[in-house]
Every structure is written in C-alpha cells, then in structure tokens.
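Participant: Next up is a structure, given as structure tokens.
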Amino acid sequence: MDQIIAGVIINILAAGLTSFLYRQGYSIPTTLPQFDITWLAGIPVLGPILNFHGPITYFGIFFIFALWFALYKTPWGLRSRSVGEHPSSADTAGVSVTKLRYLNVTIGGAVGGLAGSYLALEWVGIFERGFTAGKGFTALAIMIFGRWNPLGAFAAAIFFGLAQAVTNQLMIDEVINIPQQFINMLPYVLTIVVLAFAAGKVRPPAAEGQPYEKEKV
C-alpha cells in the first residue's frame, strides 16, 4: 500500500477513535504538575524560559539531543539512516529493512502521541476534538525545514513557536485592527511560505516513502 494513503487512513482512524473515547467519558480535566527548579530559575534569560514546566516538556528537550546522538553516533542510527537512504545496501549488509522501518515508525508515532499528550495534559488540560488545529502538519513542515535533523528541527520549531507566540500576543493586545481569523492564519501561512522556500533546496532521504521489496534471487 502507498505510504501516504496508509498515513491518511491512520490519521482518520486516530481522529475518530479519540473522539469516540472522549464521548465515553475517559477525558478528565486535569494537568500534570509543573516543576519549579530553583537553580534553573537563576540562569539569566534562559532560566525563566526553561523553568516551571511539566515532565513532558523536559523529556522533549532531553529527547531532542538523545535522538541526535542516537542517529549519528550509534550503530542503530547508522542502520536507521541506511534503510532510509539505501535500503538495498542495508539489506545486503544484513539489516532487516522492514523490521527496522516498522520499529522506527512506531517510535516516531509514540513521540507524536507524546506531543499530543502535551497539548492535553500540560497546555490545555483537557482533550477536545480537533484541538490540535493542524499542528501535526506544521510539525511536518518543521521536519522538512530542519533538514530531517533533530537539532535542525529543534531550531525550526523555535522559529515556528515564536510565530505562534507573536500571533497570540497580537490577539491579546489587539494592536492590529484586523479580524482575529486572519491573525490565526499567520502560522499556517508561514508554514506554506517555508515549504515553498524549501522546495528544491532540501533533500529528503532517498528512499523516503518508498516501500522496500527484498530482491528475489
């Protein structure tokens, strides 16, 4: 099956399933505790930014650097990059391409789910249908803009987060006399602009989105 079609199907299934579970009363309004780290608060500039967050936020920051290290400094990372660039060569070297791809897709899905849980458990405090407002597609743009590198994606995420923060502040302060709907569009317009700018300038993994079939002798 085409991977894009399969991805769309899984997204639709996930949206319907979470909405069904929400109607069953499994959603309880609450947020995870936030940590006040004294020594972190004393750091100029970065201290107030990094302090007083929940466990998912701190794990996410740690995971960025851990993933970069794992991808570029460990045998697993070398094999993972090889099945995305040259799966046939990886297969020849004894790597189970299909198994490793499924493993990495599972890890990626779990991390994406963790991002969704951040919205529900640390930011909003409750699950609502469609409350992600397309942020998953913004995450795809961040991945492309970051050149499929965890540190590059981190920098791109800060850029997009800044755009979202500016948008929120414009709505709160009402400094621009334009409809709120147009202000809400700004992060998504920025996503389109970034993707248009990156088109043709960013090279994805050579075998991205291509199902691998083992050659038969």
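Every number here is computed from the coordinates shown, using simple stated rules; none is lab data. None of these values were measured; they are calculated from a predicted model. Here the Cβ positions follow ideal geometry from the backbone for every residue, glycine too, while neighbour counts run over all protein chains shown.
Participant: For the range 11-130, state what percent of all Cα-Cα pairs lands in each successive 10 Å bin, counting from 0 Å until the bin that includes the largest distance.
Facilitator: Spelled out bin by bin, the range 11-130 gives 11, 28, 26, 23, 11, 0 percent.
Participant: Right, something else. Taking trypsin sites (Lys or Arg not before Pro) that fall in a DSSP loop and have at most 16 other Cβ atoms within 10 Å as cut points, what is the longest piece of the chain between them? Walk me through the numbers before you get to the answer.
Facilitator: Working: sites that count: 129, 147, 201, 214, 216.
So the longest stretch without any such site is 1-128.
Participant: With springs connecting C-alpha atoms under 10 Å apart, model the chain as a Gaussian network and identify which of 182, 131, 197 has the largest mean-square fluctuation.
Facilitator: Taking springs between Cα atoms under 10 Å, the residue moving most is 182.
Participant: Let me ask something else about it. I need the phi-derived Karplus couplings for the range 79-87: 6.51 cos²θ - 1.76 cosθ + 1.60, θ = phi - 60°, integer Hz, Gly and Pro marked x.
Facilitator: 5, 5, 5, 5, 6, x, 9, 9, x
Participant: Counting Lys +1, Arg +1, Asp -1, Glu -1, what net charge surrounds residue 203 among other residues with beta carbon under 14 Å of its beta carbon? Could you put the intermediate results ahead of the total?
Facilitator: Numbers: positive: 81, 147, 201; negative: 85, 208.
The answer is +1.
Participant: What translational D, rounded to a whole number of µm²/s, comes out for the chain from Stokes-Einstein when the hydrodynamic radius is the Kirkwood one over Cα pairs, at 25 °C and 0.890 mPa s? Intermediate values should be presented prior to the final figure.
Facilitator: Numbers: Rh = 20.1 Å.
The estimated diffusion coefficient comes to 122 µm²/s.
Participant: Angle, helix 150-173 long axis vs. longest principal axis of the chain, Cα atoms, 0 to 90°, nearest 10?
Facilitator: 30 degrees
Participant: What aspartates and glutamates sit close enough to residue 99 to cross-link, taking a C-alpha to C-alpha distance under 19 Å and skipping anything fewer than 8 places away on the same chain?
Facilitator: Here the aspartates and glutamates satisfying the reach criterion relative to residue 99 are 2, 85, 91, 208, 213, 215.
Participant: Another question, then. Beyond 16 Å, what share of the Cα-Cα pairs of the range 82-175 remains, rounded to the nearest whole percent? Don't jump to the answer; show the numbers that get you there.
Facilitator: Working: 3033 of 4371 pairs.
Percent of Cα pairs beyond 16 Å in the range 82-175: 69.
Participant: Just to confirm the number: angle between the C-alpha axis of helix 3-23 and the first principal axis of the chain, 0 to 90 degrees, nearest 10?
Facilitator: Approximately 40 degrees, to the nearest ten.
Participant: Got a sec to turn the phi values of the range 136-141 into Karplus ³J(HN,Hα) couplings, 6.51 cos²θ - 1.76 cosθ + 1.60 with θ = phi - 60°, whole Hz, x for Gly and Pro?
Facilitator: x, 6, 5, 4, 5, 5
Participant: Taking amide H atoms as placed 1.01 Å from N in the peptide plane, list the residues 5 or more away in sequence, or in a different chain, whose amide H sits under 5 Å from that of residue 53.
Facilitator: Long-range HN contacts for residue 53: 35.
Participant: Please give the contour-minus-distance gain from residue 199 to residue 88: 0.36 nm per residue of separation, less the Cα-Cα distance, rounded to one decimal in nm. Walk me through the numbers before you get to the answer.
Facilitator: Details: separation 111, 0.36 × 111 = 39.96 nm, distance 2.68 nm.
Taking 0.36 nm per residue and subtracting the Cα distance, the gain is 37.3 nm.
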